[in-house]
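The values are calculated or read from the model by the stated rules, or taken from the named source; none is laboratory data. All values derive from a computational prediction rather than experimental measurement. Heads up, the Cβs are rebuilt from the backbone with ideal geometry, glycines too, and the neighbour counts pull from every protein chain shown.
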Amino acid sequence: MALHRGASSAKLLCNLRNFTKIPSFLGSRLVSDTSKAVEASASEVTGDHVLYTPEHFAMKESLRKIIDLEINPHVDQWEAEGMFPAHKVFKILGNAGFLGVSKPVEYGGLGLDFSYSVAVAEELGHIRCGGVPMAIGVQSDMATPALARFGSAELKQEFLLPSILGDKVACLGVSEVGAGSDVSSIKTKAVRKGDEYVINGGKMWTTNGAQADWMCLLANTSDGPPHRNKSLICLPMNLPGVHVARKIDKMGMRSSDTAEVFLDDVRVPCKNVIGEEGMGFTYQMLQFQEERLWGAANVLTSMDNIIQETIDYTKQRKIFKRPVLHHQSVHFRLAELQTEVELLRSLLHRATALYIKGNDVTKLASMAKLKAGRLTREVSDSCLQYWGGMGFTSDVMVSRYYRDSRLLSIGGGADEVMLSIICKYMDTLPKI
Ligand SMILES: Cc1cc2nc3c(=O)[nH]c(=O)nc-3n(C[C@H](O)[C@H](O)[C@H](O)COP(=O)(O)OP(=O)(O)OC[C@H]3O[C@@H](n4cnc5c(N)ncnc54)[C@H](O)[C@@H]3O)c2cc1C
């Protein structure tokens, strides 16, 4: 039986009107190679699902049409160019409500619970690269959760509303050249001068950084202990002293721009601090929960698709007088991988169900992120093998996925950081 969702049924019906409009203007044509997956989802609409209702599936279907018509046809070009047009794509998604499904209605969101964001993240996995969905996730579920939860009405009006509508592009500035895994050791400083902060430092690996209108910036606002001296600040990227130094050339996620940003005597009003000054580290750790659930959800679908495309390819490719797929080591391995994907899906949906009921799911979210990072590497590596030389070319999706999927074990908290968190909950982490 489907679990209860947080939104009232009246609000839900009202919100669904937004979704049901979308298929009519987009029509029913699907252009993806993976339409089988859509058929599978459609059949689930009538069946029981542990987390999703028919409304979740209707929403996924609407998003799928946008992906197939507005995004996938351009992905190869964006990958080749090393950047996708974030303002254009976000406006399309914002118009349809997909950038703020679990954000407050007063600020343009749909006011639904986080299970809808997870459903959106899963569906975004149909985009035929990792870079574009990651950039969308930064906008909807990585740079904005703390603002939505703790920001002042004025800040939400200025930064959250236009981000949800797709009018402003957001980025998240946590990592620095000298501090990635150890977030507490960041050096960027915001010093109060009257009613302004003067900010000096820099951010590294900033997704959307080359195109962003504002950054959710983590900076030290005092000399206190590292977990109480940081604040999250809404930083407009057009201020004097904000320098986007370079777009980083990466092995994967090529359509997503990743920037290094220098902050040189940047003056920002103190009212741009999100919530309480000094609480930024705590807010960021909370924000990471949604980021990690989102990340695990997003790769589930791409793993399904890569396994399915590998089945399709190996079915028609013959070696030693029979299809590659008919060799037992191949179909058994694909069955093993699909089993692991389903296990991850169960963990994710359980964590999400607990999260929307108000539970702290730090341990389960960290486990899901850890498993997702490792499994996505395993799936891409094993599947690529069965494509033979074709898998080593740039012409096939499996090789792009092989490159893109490598990031999940590093970004948003490396595998070892997830293991440390899990160990803390198991009380096995040595106290130094
Ligand atoms: C494409 C891309 C996009 C990104 N987007 C953003 C973004 O939008 N915003 C943002 O703030 N950051 C972003 N990041 C940064 C990302 O979150 C960091 O790269 C990540 O947190 C790791 O930090 P680091 O690169 O500094 O590695 P380091 O901190 O130097 O760690 C190196 C390695 O040490 C290992 N390690 C870590 N902790 C332990 C431990 N306790 N025990 C043993 N080994 C350990 C891990 O294997 C880790 O990979 C992005 C990174 C990339 C590559």
Checklist entry - List the pairs whose first member sits in segment 416-429 and is hydrophobic (A, V, I, L, M, F, W, C), whose second member is near the ligand (Cβ under 9 Å from one of its atoms), and whose Cβ atoms are under 7 Å apart, counting only residues at least 6 apart or on separate chains? => result V417/S181; L429/S420
Checklist entry - Among the residues of segment 203-227 satisfying the criterion of being β-branched (V, I, T) and within 13 Å of the ligand (Cβ to nearest atom), which is nearest to A190 (Cα to Cα)? => result T206
Checklist entry - Looking at segment 403-423, is at least one residue modelled with pLDDT of 95 or more, in a helix (DSSP H, G or I) and either away from the ligand (no atom under 16 Å from the Cβ) or touching a Cys at 6+ places or on another chain (Cβ under 9 Å) (or both)? => result yes
Checklist outcome for this item: Flagged in segment 200-211 as buried (at least 24 other Cβ atoms within 10 Å of the Cβ) and touching a Lys or Arg at 6+ places or on another chain (Cβ under 8 Å), in numbering order, are G209
Checklist entry - Taking helices (runs of 4 or more DSSP H) that do not extend beyond segment 72-185, which have at least 2 residues that are surrounded by fewer than 18 Cβ atoms within 10 Å (Cβ to Cβ) and more than 13 Å from the ligand (Cβ to nearest atom)? => result 75-81, 86-95
